[in-house]
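Input: a single structure, listed below in structure tokens.
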Amino acid sequence: MQSNVALKPEAVARLHVGIIMDGNGRWATRRGLSRLRGHEAGVEAIRRIVEAAPDQGVGTLTLYAFSSDNWRRPKAEVTALMALLRFYLANEIAALMRNGVRLTVIGRRDRLPDGIAAAITRAEAETCDGTTLHLRIAIDYSARDAILNAAARAAGTGQLSRESFADLITGETGLRDVDLIIRTSGEKRLSDFLLWEGAYAELHFTERMWPEFDADDLADALASFHRRERRFGGLTAIAPAEVANL
Ligand code: IPE
Ligand code: IPE
Ligand code: MG
């Protein structure tokens, strides 16, 4: 689909966008469908957005798929979500590789049902050469736990900087802070998502439910992002290309 943002991806620093993919359940129940149908439609939306993101100047896309607090949901829904995740990992690798997408998964792996951690490791290994987009999927993820674990690992290691601590939190070297966090479904909260990396993120809230979110909605969010002035505490706007070097 044609993007309506006039951006040459190579002309600007590639952005890091995070999305809190919310509203699957409400989208489905409003249509008289089961919540599971909403989660299935949510997977279709993931496919659309992963495909559209690189052409819109996105280099890193972090998708919130399952929070550590989502274990509180009814067992049947959790089981269905885990089955969908298994299905996604098994069926998506070829398309991700074809599109040059590198997949990594953030969050805890030790509480996932049997076989899923191994499927994640395999998907990460098979897509590791992708350079078009770095897709990060947050599963059993809690930003506070990520910070806490990094603090535990950092204890006693001596000199620590914001950058080296961020590497401990993200598990990556020099991962770009998240530039823009989008949340669908009209909720206006972060629900424990990217609390450290999002210190200066622009926030975009839309009423759109995640299953209906498409490339045009992403373009709208990015257009709104590009109209804003990011100052990082200073007095003048800082261009995206310079943000990475802050
Ligand atoms: C987001 O949709 C998906 C997950 C949290 C797994 P929800 O399931 O939270 O949908 P609503 O908020 O109940 O509509
Ligand atoms: C946040 O959505 C987590 C994901 C989208 C995976 P929730 O629907 O779980 O968040 P709350 O409970 O409304 O804050
Ligand atoms: Mg929700």
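Of the residues Ala83, Ala65, Ala53, only one is within 21 Å of Trp210 (Cβ to Cβ), open to solvent by 40 Å² or more (accessible area, probe 1.4 Å) and in contact with a strand residue (DSSP E or B) (Cβ under 8 Å, 6 or more places away or on another chain); which?
That would be Ala65, the only listed residue that is within 21 Å of Trp210 (Cβ to Cβ), open to solvent by 40 Å² or more (accessible area, probe 1.4 Å) and in contact with a strand residue (DSSP E or B) (Cβ under 8 Å, 6 or more places away or on another chain).
Determine whether the stretch 87-100 contains at least one residue that is at pLDDT 95 or above, over 28 Å from Glu197 (Cα atoms), away from ligand 3 (no atom under 15 Å from the Cβ) and open to solvent by less than 50 Å² (accessible area, probe 1.4 Å).
yes
Being more than 17 Å from the chain's Cα centre (by Cα) and charged (D, E, K, R) is the filter; apply it to the stretch 213-246 and report the residue that is most open to solvent (accessible area, probe 1.4 Å).
Only one residue fits best here, namely Arg227.
Tell me which residues, restricted to the stretch 131-142, are open to solvent by 20 Å² or more (accessible area, probe 1.4 Å) and either touching a helix residue (DSSP H, G or I) at 6+ places or on another chain (Cβ under 8 Å) or aliphatic (A, V, I, L, M) (or both).
If the condition is that a residue be open to solvent by 20 Å² or more (accessible area, probe 1.4 Å) and either touching a helix residue (DSSP H, G or I) at 6+ places or on another chain (Cβ under 8 Å) or aliphatic (A, V, I, L, M) (or both), then Thr132 is the only one that fits.
The values are calculated or read from the model by the stated rules, or taken from the named source; none is laboratory data. Because the structure is predicted, anything quoted here is derived from the model rather than measured. Cβ: placed from backbone, ideal geometry, glycine included. Neighbour counts: every protein chain shown. Ligands, DNA and RNA are stripped out before the accessible areas are found, and what is left, the full protein with its side chains, is counted by its heavy atoms. Shrake-Rupley method; radii C 1.70, N 1.55, O 1.52, S 1.80 Å.
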